[in-house]
Structures are given as C-alpha cells and as structure tokens.
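K.L.:
Sharing a structure below in structure tokens format, with a few things to ask.
Taken together, the values in this text are just the output of simple stated rules run on the coordinates, not laboratory data. Because the structure is predicted, anything quoted here is derived from the model rather than measured. Please note: Cβ atoms are built from the backbone with ideal geometry, for glycine as well, and neighbour counts cover all protein chains shown.
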Amino acid sequence: MSSPLSHSKDQPRIRKTTTDSSPTSLTARSLRHERLSRLSSSGSCDGSNDAPTNHAESYFKRRENRLSARKKAEEESANNDYKKMYEKALATNQRLKSRLEISKQELAMIQDQLQRVQAKEDLKMENQRLKDENGALIRVITKLSK
C-alpha cells in the first residue's frame, strides 16, 4: 500500500537537490535538526500537542527568570541607592548637629554678654542714684554747718 515515495509521519522527510550543499541550505538543515532534537529531548515524540505547550512553558520560564533577575538587579541597585542616600543623610545630620552645637555655644555667649549689658545699665542707674543722694546729703550737711 505504501509506495517508496510516500512517507509516514514518524519518518523525517529528506530531499536532496543540487543546491543542498549551499551554506544557506546547510544552515536551514542544521536549524531544522536542532529543532527536531530539542523536540525529541523534551519527550514530545508521541505526536501529542505537548511540544507547543513545553515550548510555551519554557519560554515563560525563561521570561520569568529574566524578569526576576532584572527585578533582583533593580532591587540591589535600589538598595545601593538607599544606602547612599542613608549615608548622605547621616553625614548631613552630623554636619547639622555640629552646627547646632556651635549655634548653642554662640547663643550662650550672646546671652552672657546681654546679661552683662543689662547689669551694666542697672549699675549705671544705681551709680547715678547714689551720686544724686550723695549730692543731697552734701547740701544738707552744708546747711547744717552754717
């Protein structure tokens, strides 16, 4: 029933032409061979629709692996960015603390000077009051001595 020219589904079809020795036909043939070997190694030679499913599954697994690797790289980059930002914030915080300490010291010195100035004014007023009182006493003594 089957003629020598007919092929069954299980046997690969091979045609030889005069141009089979060209580089493009060799490349196409080797690519076809690779595809067939991949299909046979995945266990899909039974003729079922597992080959497209396996191909799709492997495609999605590879894609998922690439995406997870990219996400991991981005997280590491973000962690590095957060680390740099944290270190920068720490340095800024330390610089601001030192400036605050200097400002507190300056404030204490200014308050001390202000206290001295107010005390000086009080002393001047007290000194003027005592001078006035001393003048009044001198006048009283001069009146009594006459």
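K.L.:
Cut-off under 27 Å on the C-alpha distance; same-chain residues fewer than 8 positions from Lys61 excluded. Which lysines are left, in chain and number order?
P.N.:
Partners found: Lys71, Lys72.
K.L.:
What distance in nm separates the two pseudo spin-label positions at Ser58 and Glu76, each 7 Å out from Cα along the beta-carbon direction?
P.N.:
2.7 nm
K.L.:
Need the list of lysines near Lys120 for cross-linking: C-alpha distance under 20 angstrom, and skip anything on the same chain fewer than eight residues off.
P.N.:
Within the straight-line limit of under 20 Å, Lys120 reaches these lysines: Lys131.
K.L.:
For the pair Ala69 and Leu90, what calculated FRET efficiency results from E = 1/(1 + (r/R0)^6), where r is the Cβ-Cβ distance and R0 = 35 Å, to the nearest 0.05?
P.N.:
On the way: r = 31 Å, r/R0 = 0.89.
Plugging the Cβ-Cβ distance into 1/(1 + (r/R0)^6) gives 0.65.
K.L.:
Evaluate the distance, in nm, between pseudo-label points positioned 7 Å from the Cα of Ser30 and of Gln105 along their respective Cα→Cβ axes.
P.N.:
7.7 nm
K.L.:
Could you calculate the contour length gain from Lys120 to Ser98, that is, 0.36 nm times the residue separation minus the distance between their Cα atoms, to one decimal place in nm? Intermediate values should be presented prior to the final figure.
P.N.:
Working: separation 22, 0.36 × 22 = 7.92 nm, distance 3.30 nm.
Difference between extended and current length: 4.6 nm.
K.L.:
Given labels modelled 7 Å from the Cα in the Cβ direction, how far is it in nm from Arg129 to Ile141?
P.N.:
If labels sit at Arg129 and Ile141, their model points lie 2.2 nm apart.
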